[in-house]
1. Those residues that are under 9 Å from the mean Cα position of the chain (by Cα) and not in a loop (DSSP other than H, G, I, E, B), I need them from segment 34-65; list them, please.
2. Mind checking which pairs have a first residue in segment 46-72 that is open to solvent by less than 30 Å² (accessible area, probe 1.4 Å) and a second that is modelled with pLDDT under 90, Cβ under 8 Å, 6 or more apart or different chains?
3. Kindly evaluate residue 10 against the criterion of being surrounded by fewer than 11 Cβ atoms within 10 Å (Cβ to Cβ) and within 17 Å of residue 73 (Cα to Cα).
4. Give the number of residues within segment 14-33 that are in a strand (DSSP E or B) and open to solvent by less than 80 Å² (accessible area, probe 1.4 Å).
5. Collect the residues in segment 34-45 that are of a type outside the set (A, V, I, L, M) and open to solvent by 30 Å² or more (accessible area, probe 1.4 Å), keeping them in residue-number order.
Amino acid sequence: MSASTPADLPLVSVIIPVFNDCERLLACLAAIEVGDWPQARLDVLVIDNGSTLPLRDDLSDGRPWLRVAHESQP
């Protein structure tokens, strides 16, 4: 990464749709966490599309850049 400070970098938004696949969602979030983009410049939105298997309640713990929304319509 260049010598830019985090405040100079653009905000990056990532939208992750998920349906009954918490395991791969966790792998995706782990990959984002170890990436070299500053977490202060991340906005990650997980959209649960009416899963019948619940997402973990602690997804946002320690991830201030993560939001979870629910959509019942496919």
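The values are calculated or read from the model by the stated rules, or taken from the named source; none is laboratory data. All figures in this text were calculated on a predicted structure; none of them were measured in a lab. No Cβ is skipped: glycine too gets one built from the backbone with ideal geometry, and neighbour counts run over all protein chains shown. These accessible areas exclude ligands, DNA and RNA; they are computed on the full protein's heavy atoms, side chains included. Shrake-Rupley method; radii C 1.70, N 1.55, O 1.52, S 1.80 Å.
1. Within segment 34-65, 42, 43, 44, 45, 46 meet the criteria.
2. Close Cβ pairs (under 8 Å, with a partner that is modelled with pLDDT under 90) amount to 46/55; 46/59; 48/55; 66/59; 66/60.
3. Details: surrounded by fewer than 11 Cβ atoms within 10 Å (Cβ to Cβ): yes; within 17 Å of residue 73 (Cα to Cα): no.
Spelling it out, it is not the case that residue 10 is surrounded by fewer than 11 Cβ atoms within 10 Å (Cβ to Cβ) and within 17 Å of residue 73 (Cα to Cα).
4. Within segment 14-33, the subset in a strand (DSSP E or B) is 14-18.
Still in the running and open to solvent by less than 80 Å² (accessible area, probe 1.4 Å): 14, 16, 18.
Of the residues in that region, 3 qualify.
5. Filtering segment 34-45 for residues of a type outside the set (A, V, I, L, M) gives 35-39, 41, 43.
Once the filter is applied, which keeps residues that are of a type outside the set (A, V, I, L, M) and open to solvent by 30 Å² or more (accessible area, probe 1.4 Å), segment 34-45 yields 35, 36, 37, 39, 41, 43.
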